[in-house]
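Each value in this text was obtained by applying a stated rule to the coordinates, not by laboratory testing. Since the model is a prediction, treat every value here as computed from it, not as a measurement. As a convention, Cβ positions derive from the backbone with ideal geometry for all residues, glycine included, and neighbour counts pool all protein chains shown.
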Amino acid sequence: MSDFRVGRSASIGLWPSNRRVTMQVAASMAVGLLVLVSGVRTGAVTTMGATGARAAMFDTDPGLELDYSGDGATDYNVVRNTGGGPGGALTWFNLGHLGFSGVQWGLSTDFFLSGDYDGDNRADIVIWRAGTTATFYVRRSSNGVLQAAQWGQSGDDPTVPGDYDGDGKTDFAVYRAGPTAGAQSRWYVLSSLTGSLIAINWGQNGDFPAPGDYNGDGIADVAIQRNGGGGQGLFWIRTSTGVISNAYFGTPTDLIVPGDYDGDNQTDLAVMRGQAGQLVWYIRRSSNGTILSFPWGNSATDFATQGDYDGDGITDAAVWRPSANPGESGFWVRRSTGGFHFYQYGSNGDYPVANYNSH
């Protein structure tokens, strides 16, 4: 089985390895007031509660994180290296009601993200550019104005956006793995509510982040997937209210595909793995604990792009499949209401932005 987690796009030579990157040694950050939340490392845990002001729609509605048009459903979206060669300029293409098409933003070596950083309930175009001091660049949907924030550094994982303070806006956030095997990992969040740093000790080197809202309070929680031994994956979750839980689920090499697959406003444990040429999805419903599994996608070619494409408040399993044949690249969506649909969109060599939310 090929490891589709560590940047199948890297084989194209134009895209960064957005998924399961190897973290590098990182120095601590200090911006404003430090709020330190200690958590799971090797089993012993201590916690300090930190809650926000109000629930944020982006953490409870699976369609909004990639809803650039504001209709309550995930949009079909790809980025394309129109500048040519490594580091070429990017063009974003979106198919959605009153959406955009052909917006130039970022470089092909950037990380491509999404979130509502201005609080207007529409997704913003976002890239993260690595460096000694890394920078988020946001094109606000409310007014098209650039918002830039220096946050993180090379080796961090910026694919953990969410509303960690409960003010209804996505916060700038990165996950930083510990410098050596088994060393403490940390989440760094720049609160849009207070402008201060929230630092959360959660996980260790070798773990993978599994962001989401696991208790349904509208505030992002921190979670990791760990090798639980015996071929099992082990998830450790710390909610925004400080409640800690763990659960064995999947294998330690599964790709994490967070979402609310049962419509109860809570993130479900969900993973995907390559088996016999197919992508097989495994979901543990938070509503009743039952496990659902089904094949959806081709492990050799497809990218995970789960989202709420029909706007019913339930995450749909989905993949984007590139094809060398013109007109055959597109999104294959397994509807939560039954059946499936195919939307031809994009071209061979494009990258689906929704894939940022696989870990």
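Can you give the Rg to Rh ratio of region 286-359, both from alpha-carbon atoms, with Rh computed by the Kirkwood formula?
On the way: Rg = 13.0 Å, Rh = 13.2 Å.
Rg/Rh for region 286-359 comes to 0.99.
Can you give the Rg and Dmax of region 178-273 based on its C-alpha atoms, in angstrom?
13.7, 43
Grab the other residues whose beta carbon is less than 14 angstrom from that of T133, score K and R as +1, D and E as -1, and report the net.
Net charge around T133: +1.
With the alpha-carbon atoms as the only input, what is the per residue convex hull volume for region 246-343 in Å³?
Output value, Cα hull per residue: 96 Å³.
Starting with the highest mean, order 102-111, 183-192 by the number of other Cβ atoms within 10 Å, averaged over the residues of each peptide.
For the peptides 102-111, 183-192, the packing ranking is 183-192, 102-111.
Give me the percent of DSSP beta bridges within region 142-267 that run antiparallel, rounded to the nearest 5.
Given both bridge residues lie in region 142-267, the antiparallel proportion sits at roughly 95 percent.
What FRET efficiency do you get for T337 and I291 if R0 is 25 Å and r is their Cβ-Cβ distance, rounded to the nearest 0.05?
So, using R0 = 25 Å, E works out to roughly 0.80.
Relative contact order, percent, of region 121-201 when contacts are C-alpha pairs under 8 Å separated by at least 6 residues?
18
If contacts are Cα pairs under 8 angstrom and at least 6 residues apart, what is the relative contact order of region 66-162 in percent?
Value for region 66-162: 19 percent.
Please label the shape of region 77-160 as rounded, prolate or oblate, based on the square roots a ≥ b ≥ c of the eigenvalues of the alpha-carbon gyration tensor (a/c under 1.5 means rounded; beyond that, a/b larger than b/c means prolate, else oblate).
oblate
For the ranges 127-137, 241-251, what's the packing order if you count other beta-carbon atoms within 10 Å of each residue, average per peptide, and put the highest first?
My ranking of the peptides, most packed first, is 127-137, 241-251.
Taking a temperature of 37 °C and a viscosity of 0.692 mPa s, what whole-number D in µm²/s does Stokes-Einstein yield for region 175-231 with Rh from Kirkwood over alpha carbon pairs?
Details: Rh = 12.5 Å.
It diffuses with D of about 263 µm²/s by this estimate.
Would you work out the relative contact order for region 74-130, in percent, from Cα pairs under 8 angstrom that are 6 or more residues apart?
Relative CO of region 74-130 lands at 24 percent.
Give me the extension gain from Q278 to A148: residue separation times 0.36 nm, minus the current Cα-Cα distance, reported in nm with one decimal.
Computed gain between Q278 and A148 is 42.8 nm.
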